[in-house]
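Each remark here refers to the structure printed beneath this line.
Values quoted throughout were computed directly from the atomic coordinates according to the rules given, and no laboratory measurement underlies them. From a predicted model like this one, the values you see are computed outputs, not experimental measurements. Counting neighbours? That spans all protein chains shown, and the Cβs are built from the backbone with ideal geometry, glycine included.
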Amino acid sequence: MNEILIEGKRLRLRRANMTDLNYIMTLQYAPENLKFIVPFDKAYHSEIINSDGSEKLDVIIEELDTGQAVGYFMLRTMDKPCIEFTHVIIGRKRLGYGREALKLLLKWSFEIKDFHRVWIDCKDYNKIALRLYESLGFVREGFLREILLTDGVYENLIVLGMLDNEYFLLQER
């Protein structure tokens, strides 16, 4: 049985299971996604999927109408009061699924799970993701200079966060 976390108008977020593992790996290693993330291997994702989900969680984004997977999130350090969104990967791009799925994930994080703080990091050249995160209310909190070594090149990360009171203020508007 697939544990459903939350549903929206077009999408549902559910906990990944072992049948989703190949989809997750394919998304991670797709050239258009790989340049923006640090991928993890099958063993790591298998461990997450088979865990109790209290510390890490792989989440599948799927269409309500078709049940087709359209992306996935990886969540970790789910130690109250904070949660980190590590992978935000949309397989069917330019349909507004990233925005809708992130809104659902924020709602689940703050309204259902009662987290105080959500944070995410993003490579500084991922302008599309940065615009999306900031448009949803994430605030730039830090800049980690040359923190990742990718193919012999050091890369920078921007850290963004949102607090529960900021989220709820945005919901009132």
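For this structure, a couple of remarks:
- Approximating the spin labels as points 7 Å out from Cα along Cα→Cβ, the Q171-to-F36 distance works out to 2.6 nm.
- On the principal axes of its alpha-carbon atoms, the range 1-100 has extents of 31, 29, 27 Å, going from largest to smallest.
- For the chain, with +1 on Lys and Arg beta carbons and -1 on Asp and Glu, the positive-most of T66, L148, T19 along the dipole: T66
- For E3, neighbours were defined as the other residues whose beta-carbon sits under 10 Å from its Cβ, and their charges (Lys and Arg +1, Asp and Glu -1) total +2.
- Between R131 and I112, the simple label model (points 7 Å from Cα in the Cβ direction) yields a spacing of 3.0 nm.
- Its Cα centre serving as origin, the chain has a Cβ charge dipole (Lys and Arg +1, Asp and Glu -1) of approximately 540 debye.
- Surrounding net charge for L57, when Lys and Arg each add one and Asp and Glu each subtract one, Cβ distance under 13 Å: -3
- Ranked from largest, the principal axis spans of the Cα set of the chain equal 42, 40, 32 Å.
- Electrostatic bookkeeping for L163 treats Lys and Arg as +1 and Asp and Glu as -1; over the other residues with beta carbon under 12 Å from its beta carbon, the sum is -2.
- Our note on the geometry: Cα centres of the range 109-173 and the range 24-79, 18 Å apart.
- Gained length - I4 relative to R92, 0.36 nm times residue gap less alpha-carbon distance: 29.7 nm
- Protection proxy ranking of 83-92, 142-151 - average other beta-carbon atoms within 10 Å, highest first: 83-92, 142-151
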